[in-house]
Every structure is written in structure tokens, then in C-alpha cells.
Amino acid sequence: MGKEASDIILIDDNLISLKNAFLEGRRIFNNLKRVVFFLVTTNVAEDLTILASLILGYPFILKPIHILLLNFVTDTLVGTGLAFEKEHGYELKSKPKKTKESLIGLDILPFLLMMASSMAILTILIFSYEHLIDLEKARTYAFLIMSLTQLYNALNLRSFNQSLFNLSFRYNYYIIFGLFTSLFLQILFIFNDKIRGVLGFSQITIIEFVIILGLSSFVLIIGEIYKLIKRNIK
């Protein structure tokens, strides 16, 4: 009766098997947490940008078609890659998870708000500077800032504690594929005349694109500083 009444029945009591099972469970939980966190931050950032348009009396910073593109180019391609992150070596050192622990707990809520607000603020500032001069170019800049900061955010989320520069990309080839595919599509949207016209984007130079790529890395820097502070506090 003891076996039938228990929550878990151990078929294999080998310690190595148990360790591997715990490790796999932690990996799945952490990866699910990464994907949910990524999707929430990107959507909150987009919502804040739209809200800012209404509050500041601006034309819509991002059109509906731009939001749909962002959901495909970043959420689908890059967010999926986070689900395949391998172990980083600290999974068994962390505290046991509570049975009702939320995927987005209070411990990472500051990180979420920091990432989402950074992405939104950068987008709004760039649009505010340019939209009085050229609305189409302002929307082009805004789209690129939002999409590129989301790519940097995905790199941040490969680990909630460790620096990106301490992680090998051998742990996750899927994220590399997602990042480069997303970047290629963004370049295609902006620099192909026919596609650019349909999407309502303005022509920009390669130098402008590189500058925006560099500005967007601010999100990665913020994430690295946050994780450094978090590690030192512990």
C-alpha cells in the first residue's frame, strides 16, 4: 500500500540516475522560466511604448503591423531558442523549488521591470528625437531599437545570474540560429526596397543601422550590471 499511496515511485534508485533526473527537472524549469520571462518583458516593453504614444500625444510609435513583425521576428525565433539552453553547472547548487513557486517570482521581478522599461525608454527617446523631422524614419528607428534590444535581452536571459561572457554558445546552438535569422530578417525588412515600402519603413544607411545596433546594447550592459550586483550581494 505504501508504494501505491506515495506521490513518487522510484523505479531506479541509482544515485546517478536520480542526480540526472533532478538536473533535467531543474533545466526544464529554468528554460520555461527564461521563455516566459522573455515573452513578458518584450510584450510589456511594447505595451509601454504604445501607452507612451497616447500619453505624450505622439502618432503611434509602432504600427500594428510592426508589432506583428516583432512577435514573429523576436518572440518566435529567439524566444524558442531559449527553451533549448543546456545546464550551466549551477543547477544543483540552487535551493529546492517550492511546489507552487511562480515562474516569475519576486526575486526576478526587478530584473523584468528593468529590462522592459529600458527597452521602452530607448525606443521612445529615439522616436521623440526624430518624429518631428521624419515620421517614417522615426518609426524605422523605433522598430529597430525595439527589435534589437529584444535580441540583447535574449542574450541576457541565457542566465539569470551568470555573465553572458562566461557562457559558451556551445550550450545552445538554437539561440545562435534564432539571433542570426532574426537579424537577417530585420536587415531584409529595412534594406529591401519593396518590403520596406509595404511595411512603411524609411530608407536608412548601414552606418545608421550600426549606430542603432550599438545603442541597443545598452540593455545588455544594464543586464550585466544587474547580475554583477546580484552576485556580489549573495
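We did not get these values from a lab; they are worked out from the coordinates using the rules stated. A quick note: this is a predicted structure, and the numbers were derived from the prediction, not measured. All Cβ positions, glycine included, derive from the backbone under ideal geometry; neighbour counts span all protein chains shown.
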Three-way shape label, the range 121-204, alpha-carbon gyration tensor, a/c 1.5
oblate
In nm, what is the difference between 0.36 nm times the number of residues separating Leu167 and Lys194 and their Cα-Cα distance?
5.8 nm
Looking at this model, which pairs from Lys63/Lys227; Lys33/Lys230; Lys33/Lys227; Lys63/Lys137; Lys33/Lys86; Lys63/Lys194 are more than 25 angstrom apart at the alpha-carbon?
Lys63/Lys227
Which residue, chosen from Val219, Ser163, Ser202, occupies the Cα position most advanced towards the positive end of the dipole of the range 119-234, where the dipole is computed from +1 (Lys, Arg) and -1 (Asp, Glu) charges on Cβ about the Cα centre?
Ser163
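Assuming a ≥ b ≥ c are the square roots of the Cα gyration tensor eigenvalues, decide whether the range 156-234 counts as rounded (a/c under 1.5), prolate (otherwise, with a/b larger than b/c) or oblate.
Details: a/c = 3.64, a/b = 2.05, b/c = 1.78.
It is prolate, given that a/c is not under 1.5 and a/b is the larger ratio.
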